[in-house]
Ligand SMILES: O=C(O)[C@@H](CO)OP(=O)(O)O
């Protein structure tokens, strides 16, 4: 038996501005910071003690993890960071206003780009202001120029299998402070959610999802710690 907490970062500046974010390193809003702290308070109240904590290489997830751990009295636990826990890369939509994009391309097309399982947005053009290939965080890595949820899962899963799953199998309690779509990919993997049903999983910002796992890492129980902000979970 082991415990896993999935924590989506608190509200970011571009969540607030309704812009496609992906890999752009925007910070938390004041509301996002408050959500991260509240997440930590709830973890403390639930008596969760972490052995290990993971995050992406993006500030909004790192700060959420750090603030939640500090609030939970575990500020001494350092985050292990890896780009494979990053948000899904939003390709050519990166930086655009979601409502303006829907007005231009239609709601249906934008829904396909946002929530279809395996249809990625158009790729990011090379030389775009959002080109991440020169970013030192991705040096030496073959990084994508767009991602669907499926290809996001394709890069999350090797990291999960090699790094995170062995710790859980050893009985450790693990925090993953990450993003809407990298965490959705992990939920799909753990709960074996069919491709056409994962669209229904919408993880709230800053609300810790506590999952009990058996020896095969099959979920035996799952609940959001902030019940008032909970969203539907896949069946066990
Ligand atoms: O903009 C993004 O990167 C993501 C997460 O905030 O948005 P979406 O809800 O479309 O997955």
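The values are calculated or read from the model by the stated rules, or taken from the named source; none is laboratory data. Model, not experiment: these values are computed from the prediction. Glycine also receives a Cβ, built like all others from the backbone with ideal geometry; neighbour counts cover every protein chain displayed.
Taking the stretch 13-43 as the region of interest, how many residues are in contact (Cβ under 8 Å) with a residue 60 or more places away in the chain and within 11 Å of the ligand (Cβ to nearest atom)?
9
In the list 164, 143, which residue meets the criterion of being farther than 25 Å from residue 18 by Cβ, in contact (Cβ under 8 Å) with a residue 40 or more places away in the chain, touching a strand residue (DSSP E or B) at 6+ places or on another chain (Cβ under 7 Å) and away from the ligand (no atom under 14 Å from the Cβ)? Spell out the reasoning first.
On the way: 143 fails: touching a strand residue (DSSP E or B) at 6+ places or on another chain (Cβ under 7 Å).
Every option except 164 fails the conditions.
Considering only residues of the stretch 12-26 that are under 26 Å from residue 164 (Cβ atoms) and in contact with a strand residue (DSSP E or B) (Cβ under 7 Å, 6 or more places away or on another chain), which is surrounded by the fewest Cβ atoms within 10 Å (Cβ to Cβ)? If you could, list the steps in order and put the result at the bottom.
The initial filter retains those residues of the stretch 12-26 that are under 26 Å from residue 164 (Cβ atoms), namely 12, 15, 21-26.
Checking the rest, the ones that are also in contact with a strand residue (DSSP E or B) (Cβ under 7 Å, 6 or more places away or on another chain) come to 12, 21, 26.
Details: 12: 27, 21: 24, 26: 19.
Once the filter is applied, the top-ranked residue is 26.
Residue check: is residue 77 away from the ligand (no atom under 16 Å from the Cβ), modelled with pLDDT of 95 or more and either under 29 Å from residue 90 (Cα atoms) or outside any helix (DSSP H, G or I) (or both)? Show your work before the answer.
Details: away from the ligand (no atom under 16 Å from the Cβ): yes; modelled with pLDDT of 95 or more: yes; either under 29 Å from residue 90 (Cα atoms) or outside any helix (DSSP H, G or I) (or both): yes.
Taking the combined requirement at face value, the residue satisfies it.
Mind checking which residues of the stretch 1-11 are closer than 24 Å to residue 137 by Cβ and either part of a loop (DSSP other than H, G, I, E, B) or out of contact with any strand residue (DSSP E or B) (no Cβ under 9 Å at 6 or more places or on another chain) (or both)?
Matches in the stretch 1-11: 9, 10, 11.
Determine, yes or no, whether residue 189 is modelled with pLDDT of 95 or more, within 15 Å of the chain's Cα centre (by Cα) and away from the ligand (no atom under 16 Å from the Cβ). Give the derivation first.
Details: modelled with pLDDT of 95 or more: yes; within 15 Å of the chain's Cα centre (by Cα): yes; away from the ligand (no atom under 16 Å from the Cβ): yes.
Spelling it out, residue 189 is indeed modelled with pLDDT of 95 or more, within 15 Å of the chain's Cα centre (by Cα) and away from the ligand (no atom under 16 Å from the Cβ).
Quick one: would you say residue 91 is at positive phi and in contact with a helix residue (DSSP H, G or I) (Cβ under 9 Å, 6 or more places away or on another chain)?
Against the criterion (at positive phi and in contact with a helix residue (DSSP H, G or I) (Cβ under 9 Å, 6 or more places away or on another chain)), residue 91 qualifies.
Kindly provide the set of residues from the stretch 102-123 that are in a loop (DSSP other than H, G, I, E, B) and either more than 14 Å from residue 20 (Cα to Cα) or within 13 Å of the ligand (Cβ to nearest atom) (or both), ordered by number. Before the answer, list the steps.
Quick first cut of the stretch 102-123, residues in a loop (DSSP other than H, G, I, E, B) only: 106, 116-123.
Within the stretch 102-123, 106, 116, 117, 118, 119, 120, 121 meet the criteria.
Being touching a strand residue (DSSP E or B) at 6+ places or on another chain (Cβ under 9 Å) and either within 22 Å of residue 78 (Cα to Cα) or buried (at least 19 other Cβ atoms within 10 Å of the Cβ) (or both): is that true of residue 32 here? Before you say what the answer is, go through the steps one by one.
Values: touching a strand residue (DSSP E or B) at 6+ places or on another chain (Cβ under 9 Å): yes; either within 22 Å of residue 78 (Cα to Cα) or buried (at least 19 other Cβ atoms within 10 Å of the Cβ) (or both): yes.
In short, yes.
Of the numbered conditions (1) in a loop (DSSP other than H, G, I, E, B); (2) at pLDDT 95 or above, residue 134 fails exactly one; give the number of that condition.
(2)
For the stretch 80-98, indicate whether the set of residues that are under 18 Å from residue 186 (Cβ atoms), more than 13 Å from the ligand (Cβ to nearest atom), free of Cβ contacts under 8 Å to residues at least 40 places away in the same chain and outside any loop (DSSP other than H, G, I, E, B) is non-empty.
yes
Name every residue in the stretch 99-123 that is more than 27 Å from residue 187 (Cα to Cα) and touching a helix residue (DSSP H, G or I) at 6+ places or on another chain (Cβ under 6 Å), in order of residue number. Show your work before the answer.
Narrowing the stretch 99-123 to residues more than 27 Å from residue 187 (Cα to Cα): 99-106.
Selection gives 101, 102.
Looking at (1) within 25 Å of residue 170 (Cβ to Cβ); (2) within 19 Å of the chain's Cα centre (by Cα); (3) exposed (fewer than 14 other Cβ atoms within 10 Å of the Cβ), which is the one condition that is false for residue 76?
Status for residue 76: all satisfied but (2).
State yes or no: is residue 232 at pLDDT 95 or above, within 18 Å of the chain's Cα centre (by Cα), surrounded by fewer than 17 Cβ atoms within 10 Å (Cβ to Cβ) and closer than 20 Å to residue 23 by Cβ?
no
Restricting to the stretch 43-58, count the residues that are surrounded by 23 or more Cβ atoms within 10 Å (Cβ to Cβ) and part of a helix (DSSP H, G or I).
1
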